[in-house]
Amino acid sequence: MRTVLTLAAALAMLAPLGVSAADIPSSGALPHGGSYVMYADTTVPTSAIDLWFRAPGAGYDDATPGISRLAATAAAAGTLVSGKTLAQFVHDAGGTLTINVYPDIVGVSIVVPSTWARRTIAAASAAYFDPRIDENALKAAQKDEAVLSVTRKYSSDDLLHDALFAEIFPSGPAHFPPLPGTVAQIVNLSLAQVQQFAARAFRSANATMTLAGNVNAADLAAVTAGTPGKADAPIGSPVAPSPEPAKITGNVSGIGLAWTGPGISDERAATAMDFIADYLFRDRTGVVAKALGNTGDTYVAGQFITLHDPGVMLVTIGGSAAAHAQQLVLDSVAKLATPLDPATFAAAQQAFLYHLGADTQLPVEQADNLGWYAVEGNPSYAPSDPSSSYWRRAEQLDPAYVAAIAKRYLAHPVVVTLTSTSKETAS
């Protein structure tokens, strides 16, 4: 039976009202270097266990695009003392393992039945804090990355994301895509290069383990690998003073727009940018989505990417009416420089709070959220923590301040036009 909740009732369930000590994540040091953040809920049957590292996607010299993902995948494919790889272990547990690589960070996400939590903590920490990457593990990782690299060429959203970041950041890790453009760049990376990167990036001192769902602090004793030390600082990239519009070609088409915004330390402004993204670009409920109406294959996707400094508001557009959608986006953003009327703002703010709660309910979402904000440099701001400063900032937003932020940050977008050289349509 499906239960339909009214917005008010759902907000009462999701918003962090009357937060108790049990609702506040615990944190501390791992047994052999590194830190952890744990948001326990023993009423659920699953455990989410993530490892997050500050690591440059194109290597420490920015000369080897894709090495971060290659090393992360190879570590999961290395044979543990048990005789299994981490990937095999998670499969046998009936769980899922996901590796997400960004210009400045790596996130390894594992979800398993709660009865496997302690063993998963042991296996994951062993795989990364003491990586056993050999030729077989490297070959498996190269095959996986080659497939992803080819697939990415047919995703207009990914291509536009990479191109926009390349324009905004003329150098540094954020200038390079997480996956190299050619298979040759993947297979030409040597075992020694990957081993050296993994040893430096995935050391326990540089790790944050985030745990959510049915987890227990006593299970952290299962971490036996690692060496204490100092974590790397958040990784930034230089910003172009006046990014230029760009035109690129590919197998698909689309339009991308981006604006640089506040860093993660400016909590009030970053929250306002999240509110703007939710109000304008939320799928189905956003102002732009509603205005598009029945336009067939045309779509707009937008989000504010909270980064160390600066954050990026990024919008991707696809479909046969992309030019019309682009103008709609620009007009909608421009209107926000004038404060919303009180009733419209109040409704939008309540919807934002509801979406905030809805998007951080599951253990996998909570562990991911806690890890992202920790490695970007502001763990106490993570929205999945009901006691975090994020919720206070969201509840304190007002129309005048949101308009001021829109006027300050969203006046001059970087625009990238992706033209298809084939008969494929935008993805």
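With the condition kept exactly as written, say whether any residue in the range 396-412 is at pLDDT below 95, under 24 Å from the mean Cα position of the chain (by Cα) and of a type outside the set (G, A, S).
Within the range 396-412 (the criterion being at pLDDT below 95, under 24 Å from the mean Cα position of the chain (by Cα) and of a type outside the set (G, A, S)), the answer is no, since none of the residues qualifies.
Among the residues of the range 352-386, write down those that are open to solvent by 40 Å² or more (accessible area, probe 1.4 Å), among the polar types (S, T, N, Q) and touching a residue at least 60 places away in the same chain (Cβ under 8 Å).
The answer is Q361, and nothing else.
Check every one of the helices (runs of 4 or more DSSP H) wholly within the range 54-140 and list those with 2 or more residues that are closer than 27 Å to N378 by Cα. Give the steps one after another, and end with the answer.
Details: elements: 67-77, 86-92, 117-129.
By residue number, 67-77, 117-129.
From the list D331, D368, pick out the single residue that is acidic (D, E), assigned to a helix (DSSP H, G or I) and more than 30 Å from P113 (Cβ to Cβ). Step through it out loud before you land on a result.
On the way: D368 fails: more than 30 Å from P113 (Cβ to Cβ).
After applying the criteria, what remains is D331.
Does the range 26-80 hold any residues that are among the β-branched types (V, I, T) and touching a helix residue (DSSP H, G or I) at 6+ places or on another chain (Cβ under 6 Å), and which are they? Walk me through it before giving the result.
Applying the first criterion (among the β-branched types (V, I, T)) to the range 26-80 yields 37, 42-44, 46, 49, 64, 67, 73, 79.
Matches in the range 26-80: V37, T46, I49, I67, T73.
So for the range 304-314 (the condition being part of a strand (DSSP E or B), at pLDDT 95 or above and surrounded by fewer than 20 Cβ atoms within 10 Å (Cβ to Cβ)), does at least one residue qualify? Don't jump to the end; show me each part of the working.
Taking the range 304-314 first, the residues part of a strand (DSSP E or B) are 304-305, 311-314.
Okay, now just the ones that are also at pLDDT 95 or above, so 304-305, 311-314.
Retained after the next criterion (residues that are surrounded by fewer than 20 Cβ atoms within 10 Å (Cβ to Cβ)): 305.
Yes - at least one qualifying residue is present in the range 304-314.
Six or more apart or on different chains, Cβ under 9 Å: which pairs go from a residue in the range 335-351 that's closer than 13 Å to L397 by Cβ to one that's among the acidic types (D, E) and buried (at least 16 other Cβ atoms within 10 Å of the Cβ)? Could you list them?
Here the result reads A348/D278; A351/D278, each pair linking the range 335-351 to a residue that is among the acidic types (D, E) and buried (at least 16 other Cβ atoms within 10 Å of the Cβ).
If a residue must be under 22 Å from F53 (Cα atoms) and in contact with a Gly (Cβ under 9 Å, 6 or more places away or on another chain), how many such residues does the range 170-197 contain?
12
Scan the range 182-199 for residues that are assigned to a loop (DSSP other than H, G, I, E, B) and surrounded by 15 or more Cβ atoms within 10 Å (Cβ to Cβ) and report the count. Spell out how you get there, then give the answer.
As a first pass, look at the range 182-199 and keep what is assigned to a loop (DSSP other than H, G, I, E, B): 182, 188-190.
With surrounded by 15 or more Cβ atoms within 10 Å (Cβ to Cβ) added as a condition, the list becomes 189.
Within the range 182-199, residues that are assigned to a loop (DSSP other than H, G, I, E, B) and surrounded by 15 or more Cβ atoms within 10 Å (Cβ to Cβ) number 1.
Could you give every pair whose Cβ atoms fall below 9 Å, whose first residue belongs to the range 27-44 and is in contact (Cβ under 8 Å) with a residue 40 or more places away in the chain and of a type in the set (F, W, Y), and whose second residue is assigned to a strand (DSSP E or B) and open to solvent by 40 Å² or more (accessible area, probe 1.4 Å), counting only separations of at least 6 or pairs across chains?
Y36/S26; Y36/S27; Y36/A29; Y39/S26
Among the residues of the range 232-277, count how many are of a type in the set (A, V, I, L, M, F, W, C), assigned to a loop (DSSP other than H, G, I, E, B) and either in contact with a Cys (Cβ under 8 Å, 6 or more places away or on another chain) or open to solvent by 10 Å² or more (accessible area, probe 1.4 Å) (or both). Before the answer, list the steps.
Taking the range 232-277 and keeping what is of a type in the set (A, V, I, L, M, F, W, C), we get 233, 235, 239-240, 246, 248, 252, 255, 257-259, 264, 269-270, 272-273, 275-277.
Next, from what is left, pick out any that are assigned to a loop (DSSP other than H, G, I, E, B): 233, 235, 239-240, 252, 264.
From what's left, either in contact with a Cys (Cβ under 8 Å, 6 or more places away or on another chain) or open to solvent by 10 Å² or more (accessible area, probe 1.4 Å) (or both): 233, 235, 239-240.
Final tally of qualifying residues: 4.
Taking the range 48-80 as the region of interest, how many residues are over 21 Å from L30 (Cα atoms) and of a type outside the set (K, R)?
Within the range 48-80, the subset over 21 Å from L30 (Cα atoms) is 56-71, 73-74, 77-79.
Retained after the next criterion (residues that are of a type outside the set (K, R)): 56-68, 70-71, 73-74, 77-79.
The qualifying residues number 20.
Report, by residue number, each residue of the range 200-216 that is touching a Gly at 6+ places or on another chain (Cβ under 9 Å) and either open to solvent by 60 Å² or more (accessible area, probe 1.4 Å) or modelled with pLDDT under 95 (or both).
Across the range 200-216, the qualifying residue is only R203.
The values are calculated or read from the model by the stated rules, or taken from the named source; none is laboratory data. Keep in mind that this is a model prediction, so the values were computed, not measured. FYI the Cβ positions are ideal-geometry reconstructions off the backbone, even for glycines, and counts take in every protein chain you see. Areas reflect the complete protein model, heavy atoms only, side chains present, ligands, DNA and RNA absent. Shrake-Rupley method; radii C 1.70, N 1.55, O 1.52, S 1.80 Å.
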